[in-house]
4 protein chains.
Amino acid sequence: MDYQSVLERIARDVAPQVGSGRPAEYIPALAAVDPRHFGMAIADVDGKVYGVGDWQRPFSTQSITKVFTLALVLATGGDSLWEQVGREPSGNPFNSLVQLEYENGIPRNPFINAGALVVTDRLQTLTGDASSELLDFLRQESGNPDLAFDPEVAESESAHGDRNAALAHFMASYGNITNPVPTLLDHYFWQCAIEMSCADLALAARFLARHGLRADDSRLLTRSEAKQINAVMLTCGTYDAAGEFAHRVGLPGKSGVGGGIVAVVPGRCTLCVWSPGLDERGNSVTGVAALDRFTTLTGLSVF
Amino acid sequence: MDYQSVLERIARDVAPQVGSGRPAEYIPALAAVDPRHFGMAIADVDGKVYGVGDWQRPFSTQSITKVFTLALVLATGGDSLWEQVGREPSGNPFNSLVQLEYENGIPRNPFINAGALVVTDRLQTLTGDASSELLDFLRQESGNPDLAFDPEVAESESAHGDRNAALAHFMASYGNITNPVPTLLDHYFWQCAIEMSCADLALAARFLARHGLRADDSRLLTRSEAKQINAVMLTCGTYDAAGEFAHRVGLPGKSGVGGGIVAVVPGRCTLCVWSPGLDERGNSVTGVAALDRFTTLTGLSVF
Amino acid sequence: MDYQSVLERIARDVAPQVGSGRPAEYIPALAAVDPRHFGMAIADVDGKVYGVGDWQRPFSTQSITKVFTLALVLATGGDSLWEQVGREPSGNPFNSLVQLEYENGIPRNPFINAGALVVTDRLQTLTGDASSELLDFLRQESGNPDLAFDPEVAESESAHGDRNAALAHFMASYGNITNPVPTLLDHYFWQCAIEMSCADLALAARFLARHGLRADDSRLLTRSEAKQINAVMLTCGTYDAAGEFAHRVGLPGKSGVGGGIVAVVPGRCTLCVWSPGLDERGNSVTGVAALDRFTTLTGLSVF
Amino acid sequence: MDYQSVLERIARDVAPQVGSGRPAEYIPALAAVDPRHFGMAIADVDGKVYGVGDWQRPFSTQSITKVFTLALVLATGGDSLWEQVGREPSGNPFNSLVQLEYENGIPRNPFINAGALVVTDRLQTLTGDASSELLDFLRQESGNPDLAFDPEVAESESAHGDRNAALAHFMASYGNITNPVPTLLDHYFWQCAIEMSCADLALAARFLARHGLRADDSRLLTRSEAKQINAVMLTCGTYDAAGEFAHRVGLPGKSGVGGGIVAVVPGRCTLCVWSPGLDERGNSVTGVAALDRFTTLTGLSVF
């Protein structure tokens, strides 16, 4: 398939809506981003990358890195993670605290904030330095040794971190967080503050299209574990819009409030799209539209 | 692929756990079924059927028919259905009433009871006889003119119908049910009481693997609508275990408390498995295990 | 104490705010009432009645009659009622369905709709004709043989009764409603549709100030049962504003969406105030203000 | 009234059930207390104290001190507190986090943990040293200069403080907590760790029976503010059993998990009872029974 032509076609098709939606506003560093950016990249399973627009410009990955943290925990610590965090969609438009309470401190899935805190806590326990471990991994998989944290974003997240502190203490009260809460929050906020481009992310996520194999062909995950992550992306990867994303796009995907979305066509390729304007559920308006066009043009949905 | 050999291999592999779990007990007609039944069928896109065990023995379809009612409403009334019912997983281990209240009478998805009531209400409005319309459709697609309702099951459901009556009246108070509640409940209970075999169901569901084409090659749904139903099956088709089902099986599926599960491999085939013993979330223990074996043996997961 | 002077003083003090708030709008018969009505009556324990304004004009009692139905059930059936309904405030600004679900069909208290349905169901079982029994009792206690149901209100309630039907079916699914739901709803709606004046209600409620003695000095309730009803009125009698009512007024009280409020000074007197304009929590704006003035002027709060 | 005889009669009547229930177990210092203690004291409005059993033995006041912190905040900062915390019963058998979320960080009332954290935060802002201010006040009102914190209890609370930390951070995320969370928690845990006897507490609470006047006859609260505190004690003072406490006892009361309960007969006297065995809702089994006997024997209920 001629991915480059597809990308250029998509860029033309979504051009009228680039700039729609509103950038995340809860921290200044994100609110200041120009909403008219648009970039998209595809990495095929052989590592060839195609791109259009701002596909090489770094942006704040935010929740997208939760996919990689999850992969590292499964690779290092195995399936026992699933005793500490569920795999079901959260289905709660309000907030995860309610659900957490009913389920005795076990988050519904690894992509809601509570779940991601548990996964990060576990990576911290397994490695002693969760955020550095993650950054090293992303540098290797993307082939980009310059990837770095944005300290301004990390500090800004920390300054607005009361809700995550509440979640962490709450789960600690059930014994489901074991590192000291301030340490955990530091690593959590740093991993949200990694800057990457569409090209970097499409490359870094390739192990999900390659049934668990890393860029150097060593095995990160078993075939079954790679499938598990794709499944949890499809059912839980786009906040409270997972059903609609499956409906419109039909691919495993993970979005971030920085405006990026990573998606996977198992066995074929990985995609990353970026445009900062968000819809009311926190997903990139143009990003979802571009992925919708992709599956329509190529027929490459999983359904 | 040699589906017959695969089925025989699966039957051997799951034999030790046939009889596990407990049949649904809330109505006598279901509780009385012998839990040691096991049957499985595959229908390929050309209409050839393969089977093993009790694959030709009729059982109570229960919630499985919700897939077909949904398809008929989309085919007849189009996308406006999605203004009356959502497409997001319910994520609520307790009960749908709570969620319904927070969302002003709009059910989260068409497969929870509240959502299925809305879909049935709409089919009743569109056709004037929802349950007969459904039965006719299933007879045509399965090629089995003897399909019928089990009146004992329908009456038993009706006698235990207070919770569904509560849901229907509750949504009526929001204006989201338009037929008289007793009429609606009749059609709802009748459609749950249709008896079909694994072979019948695998054949009847083929339009989902054939991107919307019926058995006679006429078009029931657009390609996009067929994809939509597969997406909602994957994210919402197995009660509060959709995440785990996606994780283990990785196929769109819809289960019923009669012990049946229908699953779809888009572009390839449809499957139906039946074994009455249920797990604590209402899905057939052996049925899920058999589908898990299927995707492991064939690699035919969507992920 | 010179109750007549107190009433006249209150009427002058609240005059500027008579007409504030909005009459209940969910049924036409209530919405059509002129919000500028204001009446207030006091009945002392000897049966002498004092009044001001529209104190002899009948209005729709609505939820106020729940106090009397509760008293009749305790008098006839005794304490076993408390196994079917709780005595705790509901504390839920949204709706009672959520709470009902968490507590397996046992309503939190007898004054939320769910609880009043259980109490009415019980009275129906105990007497065979709940609404007639109630009307007879009210006629005797008020000494007014002309008290009657307003059929227009009852039919209007019934036409908007889906939410109450939902509650009743929901509790029936837990076995906590035993009469047929349509029969129960009829009696429930009729008892809400009784018309009474402030004078009638103040007289009818005197058994609560007289530690259980009826107008004819026969015993309706034990001293302890009378105290129980006053306690539940104080903690649960004014919808989600019971805390604020206790705070401002400091008397057991029960309000109705017709704009009436009955209050009790144990050992001394009963009061009834009526003014149709409601606040956002369903209590009469001027009614609460008038009772607030009463306790301030007389010092007759329970605290 | 001969309070001493009444107390001796109560002590005899409840003797068979002293030792029932279980001491609080979440911190070792409370779990170690012998459940067979029982003491009760009455202070009349003139400051005369009567007692029986272990009425002079100090115990851990726990949540009882929330009454005094609330009084100090109203006395110092006035009514604006009610913009930060509600006055309605919580009505939630599960936990206050859920409710807090639905109500945007405004706790339902000042006696649930979330509400008490807000009140303490406010006292800290108003005085700069909340726990010392409280201790000074209690020493003056009880006339006992030896009252002190139990450091073992305070440290133990702190070591099990994740849930309170979660609540505080959660409300901070809504801007409803202004001091640093660790500082707030210190003051909160210290005030729970004050040791007092029944005599001390009955004396210290006298301002509630004296319409706001302190022991030295100076005014702490207006008559209306004193009434407000009594109202909130009656509707919210005994966890999720406020309705039942009103029903059985019929007095404003506040319990603590140390096994103490303070109650008020407005205009007459204050009571304090202590016995460490708790029921499943956290109130002293024998304490409630003793207060029930008191109102039955004396007729001094507010209803």
With the label set 7 Å along Cα→Cβ, A:G47 is separated from its counterparts in the other copies, in nm and shortest first, by 5.0, 8.9, 10.2
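List the relative contact order of region C:3-298 as a percent without decimals, with contacts defined as Cα pairs under 8 Å and 6+ residues apart. Spell out each step's value before the answer.
Values: 604 pairs, mean separation 84.8, N = 296.
Computed over region C:3-298, the figure is 29 percent.
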Axis carrying C to A; for chain C the Cβ-nearest residue and its rounded Å distance come to C:Y102, 5
Taking a crude spin-label model, label points 7 Å out from Cα along the C-beta direction, the A:M1 to A:E83 distance in nm is 4.1 nm
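Which value, in debye to the nearest 20, gives the size of the charge dipole of region B:3-298 about its Cα centre, when Lys and Arg are +1 and Asp and Glu are -1 at the Cβ?
Values: 23 positive and 34 negative charges, 194 e Å.
With Lys and Arg at +1 and Asp and Glu at -1, about 920 debye.
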Largest first and rounded to whole Å, the semi-axes √(5λ) derived from the alpha carbon gyration tensor of region C:156-201 read 25, 12, 8
Output row for A:S132: copy-to-copy label distances, label 7 Å along Cα→C-beta, ascending, in nanometres, one decimal, is 4.3, 7.5, 8.6
Expected vector for region B:32-37, Karplus 3J(HN,Hα) from phi with 6.51, -1.76, 1.60 and θ = phi - 60°, integer Hz, x for Gly and Pro, equals 7, 6, 5, x, 8, 5
Kirkwood calc, chain A, C-alpha pairs only, radius in angstrom 18.8 Å
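As a check on your grasp of the helix formula, calculate [θ] at 222 nm for chain C: sum -39500 (n - 2.57) over DSSP H runs of n ≥ 4, divide by the residue count, round to the nearest 500. List each step's numbers first, then the result.
Values: 14 runs with 143 residues, N = 303.
Computed ellipticity for chain C at 222 nm equals -14000 deg cm²/dmol.
Distance cut-off 25 Å, Cα to Cα: go down the list A:K227/A:K254; A:K227/B:K66; B:K227/B:K254; C:K227/D:K254; A:K66/B:K227; C:K254/D:K66 and report the pairs above it.
Violating the 25 Å Cα-Cα cut-off are A:K227/B:K66; A:K66/B:K227; C:K254/D:K66.
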Along principal axes, largest first, the alpha-carbon spread of region A:33-149 in whole Å comes out as 45, 33, 26
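If you count, for every residue in B:63-73, the Cβ atoms of partner chains within 10 Å of its Cβ, what is the mean? Show your work: numbers first, answer last.
Numbers: counts 0, 0, 0, 0, 0, 0, 0, 0, 0, 0, 0.
Partner Cβ neighbours, averaged per residue: 0.
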Within 10 Å of the Cβ of an average residue in A:259-268, the count of other chain Cβ atoms is 1
homo-copy label distances at B:G299 (7 angstrom along Cα-Cβ), nm, one dp, ascending, are 2.1, 9.1, 9.2
Cα gyration tensor of region A:4-55 diagonalised, 5x eigenvalues square-rooted, in angstrom largest first, produces semi-axes 26, 15, 7
Ordering B:38-46, C:107-115 by per-residue average of other C-beta atoms within 10 angstrom, highest first, gives C:107-115, B:38-46
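To the nearest 20 debye, what charge dipole does region D:1-154 have about its Cα centre, counting +1 at the Cβ of each Lys and Arg and -1 at the Cβ of each Asp and Glu? Display every interim value, and only then the final one.
Values: 11 positive and 21 negative charges, 77 e Å.
It works out to roughly 380 debye.
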Amide H neighbours of A:N109 at under 5 Å, excluding residues fewer than 5 places away on the same chain, with H built from the backbone geometry, are A:G86, A:G115
Here, C:E25 and D:T222, labelled 7 Å along Cα→Cβ, have an inter-label distance in nm of 3.4 nm
Burial-style ranking of D:227-239, C:221-233, D:258-270, average other-beta-carbon count within 10 Å with highest first, yields D:227-239, D:258-270, C:221-233
Scanning chain C, every Cys lacking a C-beta partner under 4.7 angstrom -> C:C192, C:C236, C:C269
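Provide a whole-number value for the mean count of partner chain Cβ atoms within 10 Å of the Cβ atoms in peptide D:249-257. Intermediate results must be reported in sequence, preceding the final value.
Working: counts 2, 8, 2, 3, 0, 0, 0, 0, 0.
Going residue by residue through D:249-257 and averaging, the value is 2.
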Among A:A75, A:A32, A:A148, the residue with the largest mean-square fluctuation in a Gaussian network model of chain A built from Cα contacts under 10 Å is A:A32
Net charge (Lys, Arg +1; Asp, Glu -1) of residues whose beta-carbon lies under 12 Å from that of D:M233, D:M233 excluded, is +4
Along region B:231-237, Karplus-curve 3J(HN,Hα) (6.51, -1.76, 1.60; θ = phi - 60°) to the nearest Hz, with x for Gly and Pro, reads 4, 6, 5, 5, 8, 9, x
In order over region A:113-125: 3J(HN,Hα) from phi, Karplus 6.51/-1.76/1.60, θ = phi - 60°, whole Hz, x for each Gly or Pro, gives 3, 4, x, 5, 5, 5, 4, 5, 4, 5, 5, 4, 5
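Which three numbers, in whole Å and largest first, are the semi-axes of the equivalent ellipsoid of the protein assembly as shown derived from its Cα gyration tensor as √(5λ)?
Details: eigenvalues 666, 299, 143 Å².
After scaling each eigenvalue by five and taking roots: 58, 39, 27 Å.
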Given backbone amide H placed at 1.01 Å from N, residues whose amide H is under 5 Å from that of C:I194, ignoring those fewer than 5 places away on the same chain, are C:T61, C:Q62, C:D150
Summing +1 per Lys or Arg and -1 per Asp or Glu among the other residues with Cβ less than 14 Å from C:R122's Cβ gives -4
Using alpha carbon centers only, region D:264-303 is separated from region D:164-215 by a whole-angstrom value of 22 Å
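Could you please rank A:E133, D:E280, A:E155, placing first whichever residue has the fewest other Cβ atoms within 10 Å of its Cβ? Each step should come with its number before you reach the end.
Values: A:E133 20, D:E280 10, A:E155 15.
The order, fewest Cβ neighbours first, is D:E280, A:E155, A:E133.
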For the pair B:T183 and B:Q140, the simple spin-label estimate (label points 7 Å beyond Cα toward Cβ) gives in nm 2.3 nm
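Computed from the coordinates by the stated procedures, all read-outs in this text should not be read as laboratory data. Here the structure is a predicted model, which is why all the values come from computation and not from measurement. Neighbour counts run over all protein chains shown; Cβ positions are idealised from the backbone, glycine included.
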